[in-house]
1. With springs only between Cα atoms under 10 Å apart, run a GNM on the chain and tell me which of Asn153, Asn135, Asn112 wobbles the most.
2. If you plug each phi of the range 96-104 into the Karplus form 6.51 cos²θ - 1.76 cosθ + 1.60 with θ = phi - 60°, what whole-Hz ³J(HN,Hα) values come out, in order, with x for Gly and Pro?
3. How much length is gained if the chain between Asn12 and Val129 is pulled fully straight, taking 0.36 nm per residue apart and subtracting their Cα-Cα distance, in nm to one decimal?
4. Any idea what the relative contact order of the range 45-168 is, in percent, if you count C-alpha pairs under 8 Å spaced at least 6 apart?
5. So what J values fall out for the range 122-136 if you push phi through Karplus, 6.51 cos²θ - 1.76 cosθ + 1.60 with θ = phi - 60°, rounded to Hz, Gly and Pro as x?
6. Given H placed 1.01 Å from N in the peptide plane, which residues other than close sequence neighbours of His155 have an amide H under 5 Å from its amide H?
7. Tyr128's amide H: which non-local residues (gap 5+, or another chain) put their own amide H closer than 5 Å, with H modeled 1.01 Å from N in plane and none for Pro or chain starts?
8. How much length is gained on full extension from Thr108 to Asp94, taking 0.36 nm per residue of separation minus their Cα-Cα distance?
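Read-outs: derived from the displayed coordinates by stated rules, not from any lab. These figures come from a predicted structure and were not determined experimentally. Every residue, glycine among them, receives a Cβ derived from its backbone with ideal geometry; neighbour counts consider all protein chains shown.
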Amino acid sequence: MKAIEPALIKDNFIEIIGKEWMLVSAGDKDKFNMMTASWGGVGFLWNKPVVFVFIRPERYTREFVDEKGCFTLSFLGEEHKAAHKICGSKSGRDINKVAATGLTPYFTELGNPCFEESRLTLECKTLYVTKMDKNSFVDPALYEKWYSAMAGNLHNVYVAEILNAWEK
């Protein structure tokens, strides 16, 4: 992986987040977890390159993100869809996701987990967190579709500064 300035990344994030998906990983060498996410974005806020990521409060990875205050986003590409399916449907409370997926973890200089298989990795520091509010939906149909009693809890929204970026 070679370092790249976030502003020079050429990927279409609508495409890679929505179709390829990404792994959100947090923790340290002793204990970490990762989850698949397909909602989020990349932009510029508070004069910083940022990501915004949506994580449901019941997700195990959220505990690591909240505790550490940093996380990575790993873009593995279409060829690793099976790993994404495992990380999006199984909890690290119940299985060893590294063993189940065959992914190869390594740790950044800041101690954050990421994966050798990633073609693009963003290392991020949380700047702002808020829980989505049912009363803030302008279109109630969105709430009904994505957050009704059967769909699950409202997401926490994380805005995080991109500290480092690497690509293959």
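1. Asn135
2. 8, 5, 5, 5, 5, 9, x, 6, 10
3. 39.6 nm
4. 38 percent
5. 10, 9, 10, 10, 4, 10, 7, 9, 8, 8, 4, 10, 3, 6, 8
6. Sorted by chain and number, the residues that satisfy this are Met132.
7. HN-HN under 5 Å from Tyr128: Val159.
8. Here the segment from Thr108 to Asp94 would lengthen by 2.5 nm.
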